[in-house]
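Okay, so here's the structure we're looking at.
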Amino acid sequence: MSTAGARPDGLGRALAGWLTQLDVERGLSRHTLAAYRRDGRRYLAFLRARGIDDLAAVTEADVTAFLAALRAGDAEHQPLAASSAARTLVAVRTFHRFLTLDDALPDDPAAGVRPPAGPVRLPKAITLEEVTRLLEAASLGDTPAALRDRALVEVLYGVGARISEATGLDVDDLDLPEAVVRLRGKGAKERIVPIGSYAAAAVTAYLVRARSGLATRGRGTPALFLNQRGGRLTRQGAWGILRVAAERADLGGRVSPHTLRHSFATHLLEGGADVRIVQELLGHASVTTTQIYTKVSITQLREVYAGSHPRAR
């Protein structure tokens, strides 16, 4: 996995060891692994261009210079936005941390390098009325596909699931009498979350009246959501279902699976839920990731205050 041809130098061997650890021990997705591989190769190319062929010689100044190079761009790379540069820096810091913990390096030169501050983008959420329109648009008719589509959209919004978590659900992951569902998130981490009565009712209707008919077209699968051929519904298939429903509800271009996840979190916080509870429901490793949703609620509070208080204007 060296960057300069097939040269098995020390930098390339270190990168290969790190990627193997991410794959085998942490179970990262192939998409995440591919991103880390690209980031690692670009970092090593930068070090080689600076005449560094031993990771023990890397200093904090070298890592800081790499971050600056990411932001500036070069003949082969466009300048990266703050968020993209920060993501690449995370990969570099994870790489050095791995080498330090593995005793391959005495010190971590990346530990003190801070990512660039970018603009805070509030997650896009739709209103409760728009959610209702979307759910109704997802279930036009009484066909097996319509029942499945309604259940899928109910789960995406009612459970706050990522699209990969929803399509990855098996029938055995549901415990409808206890009103909970088991989701498999990033890094193969599992969490048990409640499923609301509306989502549970939609899933029950789909299981009782539709899934068996779809299943007879396939070869047998434990998947909850099935496609027209009886196999597991793919992420692309779920995206298509949501896109069609959004167009029917006159929400085209405004709704994605992550929009429903954002709306799930925002509506919980607006209803008084504690941010750490929302963190557990979303499966965020850090509450910092979840706290961006509190800004949405604060925005709503300002709007209500400005429109209601006699001395706000």
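Values for this structure:
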{"item": "Matching entry among Thr88, Thr100 (being surrounded by fewer than 19 Cβ atoms within 10 Å (Cβ to Cβ), at pLDDT below 95, part of a helix (DSSP H, G or I) and of a type in the set (Val, Ile, Thr))", "result": "Thr100"}
{"item": "Residues of segment 186-197 satisfying the condition of being surrounded by fewer than 17 Cβ atoms within 10 Å (Cβ to Cβ) and in a strand (DSSP E or B)", "result": "Glu190, Arg191, Ile192, Pro194"}
{"item": "Residue match in segment 152-159 (condition: open to solvent by 50 Å² or more (accessible area, probe 1.4 Å), part of a helix (DSSP H, G or I) and within 25 Å of Arg229 (Cα to Cα))", "result": "no"}
{"item": "Residues satisfying the stated conditions in segment 253-262, i.e. open to solvent by less than 50 Å² (accessible area, probe 1.4 Å) and farther than 19 Å from Arg182 by Cα", "result": "Val255, Ser256, Thr259, His262"}
{"item": "Members of segment 198-247 that are within 23 Å of Leu176 (Cα to Cα), part of a helix (DSSP H, G or I), out of contact with any strand residue (DSSP E or B) (no Cβ under 7 Å at 6 or more places or on another chain) and open to solvent by 30 Å² or more (accessible area, probe 1.4 Å)", "result": "Tyr198, Ala201, Thr204, Leu207, Val208, Arg209, Ser212, Gly213"}
{"item": "Sole exception among (1) open to solvent by 20 Å² or more (accessible area, probe 1.4 Å); (2) at pLDDT below 85; (3) over 24 Å from Glu165 (Cα atoms) for Ala285, by number", "result": "(3)"}
{"item": "Failed item in (1) open to solvent by less than 30 Å² (accessible area, probe 1.4 Å); (2) over 26 Å from Leu33 (Cβ atoms); (3) not in a helix (DSSP H, G or I), with Leu183 passing the rest", "result": "(2)"}
{"item": "Options Leu44, Leu33; residue that is buried (at least 19 other Cβ atoms within 10 Å of the Cβ) and in contact with a helix residue (DSSP H, G or I) (Cβ under 9 Å, 6 or more places away or on another chain)", "result": "Leu44"}
{"item": "Enumeration of residues in segment 29-76 that are part of a loop (DSSP other than H, G, I, E, B) and either of a type in the set (Lys, Arg) or closer than 18 Å to Leu99 by Cα (or both)", "result": "Arg50, Ile52, Asp53, Asp54, Val58, Thr59"}
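The values are calculated or read from the model by the stated rules, or taken from the named source; none is laboratory data. Everything numeric here is computed off the predicted structure, so don't read it as measured data. Positions of Cβ are backbone-derived with ideal geometry, glycine not excepted, and every protein chain shown enters the neighbour counts. With ligands, DNA and RNA removed, areas are computed over all heavy atoms of the protein, side chains included. Shrake-Rupley method; radii C 1.70, N 1.55, O 1.52, S 1.80 Å.
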